[in-house]
Amino acid sequence: MKRSRILLFLALSLGPAVPPAAAALPLNVPFLSTPNHDSPSPEKKPLDEKEASELQTQTEREIAQARAALAQAPADMDPSSRQFLVSRLQTLENLAQITEEILDAFESQRKIEERSQKLAVEQASWKLGSPPQNFTADFNALDKLHGQSIDFQKNLKNREQIFKARQEALAEAKNEFQNAEQERRKAKENLEKAANDADKPALAQTLTLAQMESRRSEMKVALRELELGNSKSYREFADRRRELNALQTAYLEKRVRFTAADLQRELNMIEAEENNFKQTLEKTQNELQAAEKEYTKARAALAATPQPSPAQIEEVEAKRLAQAMLERKVDLFSANLKGLKRSKAAWKRRYELLNDKAEKSEILLWEQQTRSTLEELRREEDLANLQLNSQRNAAIEAEEKIRARAGDDSQNHRWLRAQKEEIQKNVSVLQDYLAHLSLARKLQEKLLFEEEKQVAQVSWKERFERVWNAFLRVWNFELTSVDDSPITVSKIVIALVLIIFGIAVARHLSRILANRVLPRFGVTPGVAAALRSLAFYVLLFFFILFALQLVRVPITLFAVLGGAAAIGIGFGSQNLMNNFISGLILLIERPIKVGDIIEMEQNAGMVERIQKLGYVGCLHDNVQDMYRDAKSWDPNFIEKRPDGSLIVGGRWNGG
């Protein structure tokens, strides 16, 4: 009997009489897909503002009904039925919020369309060469256009990121709608297949919530589509504004000049601001001295009191904050004075740039300095923003402290409020400083914009000079120094080229000595081969010394390198150096010579040539093998097949 009363209440709360299996909210709005359809429906038309307004009215009515149903629910209603009413109300409220956002999106769409139409008319007028009558053709207007052009470039990346985020949000909403539709179809199927009548009311509730969730998800897709369309429209609008800005800028640049009078007016304004800052700075420094005395006096009084009251402690803290605020104010005013001097220099450079009075080499130097200044200003802005956020958090904590001590005496409250006021003064000072930094940064951005514009107009000759200057900077870059003598990239490169050239010349001269000169004096081939190797090393040694001396690389540099090389050779190249020395002994003492018949490792052959690392013998089966004189000879150096046999007609590749 109790369950029957609850089911009757739910049926009445859901509107007109409907079968329990279909106890769901009506979904007869024309732009919504009907959740009970079983066959594909034609593509629905896009949502318009009138339909969204009707849906908002309908949703508000359903919310009122859902709230009334929840308020009138029996006290003994089972938890699942009450949860159904709560979930239904929450889904409807969520749907109402989405509908309100849809109407806001339609309002934004209408504003963008109106602004686009006005912009199109203005753009057409400018293309015909007839600006509006109220358009002022002076340098201030041109300067404003330059600032807008810079903002367009800075915001371009942000607009693209927003558009991409809108696309991702739409894809996510569509995926959410598909999942909701799957859940709705599943709930519908479960209800239709239910054999037990006792289970159907609960399944009907599940279907109703699934239908409402599908409806909410579909409206979210409509919202995301509108937002994406608005983002696309605004991107097109911004592109047209940039085109109009270019037309206006080109028009003014032909008719407006930055005169000496304009420059003087800007400098006078900066000087007036400088005088104001100097006067304020002097006044603040006097206030700081007084605040330091007050703080010192309060600390002394606190230290002299054995058991200070809370009011005394808060008084010292308030006076400390007052002193810190004035110190910060002095520092920021000094920074503003420094920034004004920088602004004066920027205006003077802009005057020379806009009147073609600066050399291209000078502009290139200015461009680097302006970029450096901009980086410094951005760092200062970041630091000031961090300080501002810290002070805002401190103000919140001070307010919470005041509320927490509402029952304290009035004197204590007075000093707590004084602390909050000093923190708020800090916030105000930092906000003013950030405003000055923003103006200084925008001025430097305009200067950089004009410098880049001038640099982009350089001729091929000037471009070559820029590349050549960059090459010279690298070419003359100092890598290190030895005995107060710089070791540059150019010296290293020239020395390497000379050494490579010396190796080729030494090899060629030693070959001529062995093949042409020595045979005329009756020198045997073995002696000639030995003298050839010795001549090569002697010539190479002198070529290296000559190259280093020519580029003025101190020989003492190789004292350290030679020590490091000796350690490396001692640990990693013992066998190599052993064989090298053995080869030199063969060349000098000649215990064997070219043409001798030798027998080694059960192989016999004739010595063909003697090298630095040993000698090459030609075996009886036309196999060349390398034999080392060193005791550490390794048979793995012999060229063999994978099966271990010698390669006939092969050659040793190691020396």
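Computed quantities for the displayed model
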| item | result |
| --- | --- |
| Whichever residue in segment 143-172 is touching a Ser or Thr at 6+ places or on another chain (Cβ under 7 Å) and among the aliphatic types (A, V, I, L, M) and, among such residues, is surrounded by the most Cβ atoms within 10 Å (Cβ to Cβ) | Leu145 |
| Residues of segment 251-291 satisfying the condition of being farther than 27 Å from Leu321 by Cα, loosely packed, with under 12 Cβ neighbours inside 10 Å and not charged (D, E, K, R) | Ala260, Ala261, Asn268, Ala272, Asn275 |
| Segment 35-52 - residue that is open to solvent by less than 50 Å² (accessible area, probe 1.4 Å) and at pLDDT 85 or above and, of those, nearest to Leu228 (Cα to Cα) | Ala52 |
| Which numbered condition Lys220 fails, given (1) without any contact (Cβ under 8 Å) to a residue 60 or more places away in the chain; (2) buried (at least 20 other Cβ atoms within 10 Å of the Cβ) | (1) |
| Subset tally (residues that are polar (S, T, N, Q) and assigned to a helix (DSSP H, G or I)) for segment 130-174 | 8 |
| Condition met for Arg115 (touching a residue at least 40 places away in the same chain (Cβ under 8 Å), in a helix (DSSP H, G or I) and open to solvent by 60 Å² or more (accessible area, probe 1.4 Å)) | yes |
| Filter pass, Gln182 being open to solvent by 80 Å² or more (accessible area, probe 1.4 Å) and either of a type outside the set (Ser, Thr, Tyr) or in a helix (DSSP H, G or I) (or both) | yes |
| Residues of segment 384-415 classified as of a type in the set (Asp, Glu) and open to solvent by 70 Å² or more (accessible area, probe 1.4 Å), total | 3 |
| Matching entry among Ala440, Ala495, Ala418 (being open to solvent by less than 80 Å² (accessible area, probe 1.4 Å), closer than 30 Å to Ile150 by Cβ and part of a helix (DSSP H, G or I)) | Ala440 |
| Answer residue from segment 77-86, given it is touching a residue at least 40 places away in the same chain (Cβ under 8 Å) and surrounded by fewer than 17 Cβ atoms within 10 Å (Cβ to Cβ) and is farthest from Ser217 (Cα to Cα) among those | Asp78 |
| Qualifying residue in segment 186-207 (condition: under 40 Å from the mean Cα position of the chain (by Cα), within 26 Å of Leu89 (Cβ to Cβ) and crowded, with 21+ Cβ neighbours inside 10 Å) | no |
| Restricting segment 310-349 to residues that are within 37 Å of the chain's Cα centre (by Cα) and of a type in the set (Asp, Glu), the residue that is surrounded by the fewest Cβ atoms within 10 Å (Cβ to Cβ) | Asp331 |
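The values are calculated or read from the model by the stated rules, or taken from the named source; none is laboratory data. What you are looking at is a predicted structure, and each value in this text was computed from that prediction instead of being measured. With ideal geometry, Cβ positions are generated from the backbone for all residues, glycine too; neighbour counts draw on all protein chains shown. The area values use the complete protein model at the heavy-atom level, side chains included, leaving out ligands, DNA and RNA. Shrake-Rupley method; radii C 1.70, N 1.55, O 1.52, S 1.80 Å.
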